[in-house]
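The values are calculated or read from the model by the stated rules, or taken from the named source; none is laboratory data. All values derive from a computational prediction rather than experimental measurement. Because the Cβ atoms are built from the backbone with ideal geometry, glycine has one as well, and the counts that use them run over all protein chains shown. Ligands, DNA and RNA are excluded from the accessible area calculation, which covers all protein heavy atoms including side chains. Shrake-Rupley method; radii C 1.70, N 1.55, O 1.52, S 1.80 Å.
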Amino acid sequence: MPFTTKDDLRNEDLDMLSQPINRNAYFYETTGTTGKATPCPRNMIDVISSNVTISMAYKDLFQSVFGDEKPVVGIFGPTELHSFGDTLTNVCDNLGFCSVKAWPYSPVVGFPKTLEVMKKLKINALMCTPGLSMTLFKAAQKYGYDIEKDFDVRMLMVTGEMCTEPMVRNIESIWGAKVFNFLYGSQEALVISVCDRNNRMHIFPHNYIYEVVDPVTGEFRGFTGEGELVVTMLNPGGKPLIRYRTGDMVRIYEPEGDSPIPSNVIEIIGRVKDRIEINGRNYAASEFEETIMANINKCLGYQIFIDNVDGVDEIEIKIEMLTKNDESEESAVNIEQMFKNKLGIKAKVAYSDELSPVIYTGALVSWKAARIVDRRKKSEGDMEKDSAQRIIENKVIRTE
């Protein structure tokens with residue numbers, strides 16, 4: 001059967017739907033930052049089948065951190081209109097938890113109010129993007145909060161951006177809390193997988209058929225293995241997608257040992273479009289982040305600059321640290337050596353006191369648009385780069 005693609009959703013718009021809008025429970029759209037927004041309706045079959053599965057998995061996850069205690073959960077989604085807020089509020093309802101919705105980037109809320117609420121209510125668990133978790137920490141420092149004395153954050157659940165294992169450990173080093181890369185999905189395809197207490201992501205075999213295909217040719221590689229993820233939704237929902245190319249590079253394999261969730265494990269390697277060509281070889285986004293973050297802690301952000309010097313591609317990495325010391329200089333040398341030995345790339349690491357605010361746009365646009373500055377290219381238009389810059393210029397993201 002033919003694939004369904006993002007372009008199909010853009011071109012067909014409401015004609016993609018399998019039933020009239022009034023037979024659905026919710027209507028969302030994609031953000032539209034990099035092209036025409038696409039419709040994402042959900043009926044109650046969609047909502048129940050997805051949210052019950054999430055709730056069952058997270059009951060065990062929360063117990064692994066809080067035991068029988070009922071935590072207060074902060075749901076800090078990307079925007080007020082994203083399904084993130086409704087989905088996770090419903091999950092918290094199912095688990096009997098008090099949830100607090102606040103959007104730190106919103107001009108209605110902002111960081112000062114968010115931090116005030118975190119302290120006042122003693123919020124125990126945060127649900128947000130990896131980037132926001134680090135920005136929230138920076139904001140707490142800026143406004144004079146003591147992380148240990150003023151807050152009681154014992155768990156962070158991050159999603160919306162690529163988050164490798166080294167990045168999980170880094171966020172744990174900043175907050176002194178347990179961190180889970182807890183959810184993978186999209187507005188279009190709903191929640192596709194959730195993590196267990198061991199920070200392993202598992203698929204929903206009763207909600208989807210999962211395929212792995214070659215990201216270039218589309219050739220079927222199997223139901224496990226590495227490649228672009230293709231999903232077929234099994235529920236007769238508001239817009240069931242058939243052989244939908246997610247645009248995400250994944251690795252799917254059977255769980256090892258005693259797994260809390262019995263289904264296959266899925267690792268998110270990065271978007272197909274986020275692959276980077278250096279000296280004729282393609283690298284996944286995760287390869288760059290894992291190499292940068294492997295031997296550093298208390299990092300608040302990084303950005304990569306690519307140049308071509310005398311016909312050879314080289315990169316410069318700028319890193320913002322919570323504190324810089326002699327170990328930081330040693331870490332810089334280690335990162336440069338790892339790029340050379342592991343990836344075959346000449347790299348130079350420098351530390352920065354304040355990175356460009358464009359790195360905060362990752363969840364709204366892409367990891368590549370937020371993290372990569374490719375100086376090899378001419379100044380031709382790049383829709384994602386332009387979108388990221390507009391977000392900053394229009395103060396859609398405000399860290400003050």
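Things worth noting here:
- Pick from the stretch 237-256, criterion over 18 Å from Pro39 (Cα atoms) and either polar (S, T, N, Q) or in a loop (DSSP other than H, G, I, E, B) (or both), ranking: farthest from the chain's Cα centre (by Cα): Glu256
- Matching residues in the stretch 76-107 - criterion: being among the charged types (D, E, K, R) and either modelled with pLDDT under 90 or under 22 Å from Lys119 (Cβ atoms) (or both): Glu80, Lys101
- Output for the stretch 275-319, where each listed residue is basic (Lys, Arg) and in contact with a helix residue (DSSP H, G or I) (Cβ under 9 Å, 6 or more places away or on another chain): Arg275, Arg281, Lys298
- Criterion (in contact with a helix residue (DSSP H, G or I) (Cβ under 8 Å, 6 or more places away or on another chain), surrounded by 17 or more Cβ atoms within 10 Å (Cβ to Cβ) and more than 19 Å from Leu241 (Cβ to Cβ)) met by exactly one of Pro71, Pro39: Pro71
- Near pairs, Cβ below 7 angstrom, 6+ apart or cross-chain, from the stretch 113-127 (among the charged types (D, E, K, R)) to any residue that is in a helix (DSSP H, G or I): Lys119/Asp150
- Test: residue in the stretch 314-331 that is aliphatic (A, V, I, L, M) and more than 23 Å from Met134 (Cβ to Cβ): no
- If the condition is being among the basic types (Lys, Arg) and in a loop (DSSP other than H, G, I, E, B), then the stretch 189-227 contributes Arg197, Arg200.
- Checking each residue in the stretch 94-107 for being among the polar types (S, T, N, Q) and in a helix (DSSP H, G or I) picks out only Asn94.
- Asp46 falls short of the stated requirement of being at pLDDT 90 or above, open to solvent by 30 Å² or more (accessible area, probe 1.4 Å), within 25 Å of Glu161 (Cβ to Cβ) and within 23 Å of the chain's Cα centre (by Cα).
- Across the stretch 200-251, the number of residues qualifying as at positive phi and either modelled with pLDDT of 95 or more or β-branched (Val, Ile, Thr) (or both) comes to 5.
- The lone exception for Glu354 - which of (1) in contact with an Asp or Glu (Cβ under 9 Å, 6 or more places away or on another chain); (2) in a helix (DSSP H, G or I); (3) at pLDDT below 85 it fails: (2)
- Only a single item in (1) over 20 Å from the mean Cα position of the chain (by Cα); (2) more than 30 Å from Ser64 (Cα to Cα) is not met by Ser259, and it is number (2).
- Verdict on Ile268 being of a type in the set (A, V, I, L, M, F, W, C), open to solvent by 20 Å² or more (accessible area, probe 1.4 Å) and assigned to a strand (DSSP E or B): yes
- Residue in the stretch 192-209 that is more than 30 Å from Asn124 (Cβ to Cβ), open to solvent by less than 20 Å² (accessible area, probe 1.4 Å) and not polar (S, T, N, Q) present: yes
- Candidates Thr129, Thr164, Thr217, Thr114: the one that is among the hydroxyl-bearing types (Ser, Thr, Tyr), out of contact with any Cys (no Cβ under 8 Å at 6 or more places or on another chain) and surrounded by fewer than 16 Cβ atoms within 10 Å (Cβ to Cβ) is Thr217.
- Applying the criterion of being in contact (Cβ under 8 Å) with a residue 60 or more places away in the chain and not β-branched (Val, Ile, Thr) to the residues of the stretch 2-22, the residue that is most open to solvent (accessible area, probe 1.4 Å) is Pro2.
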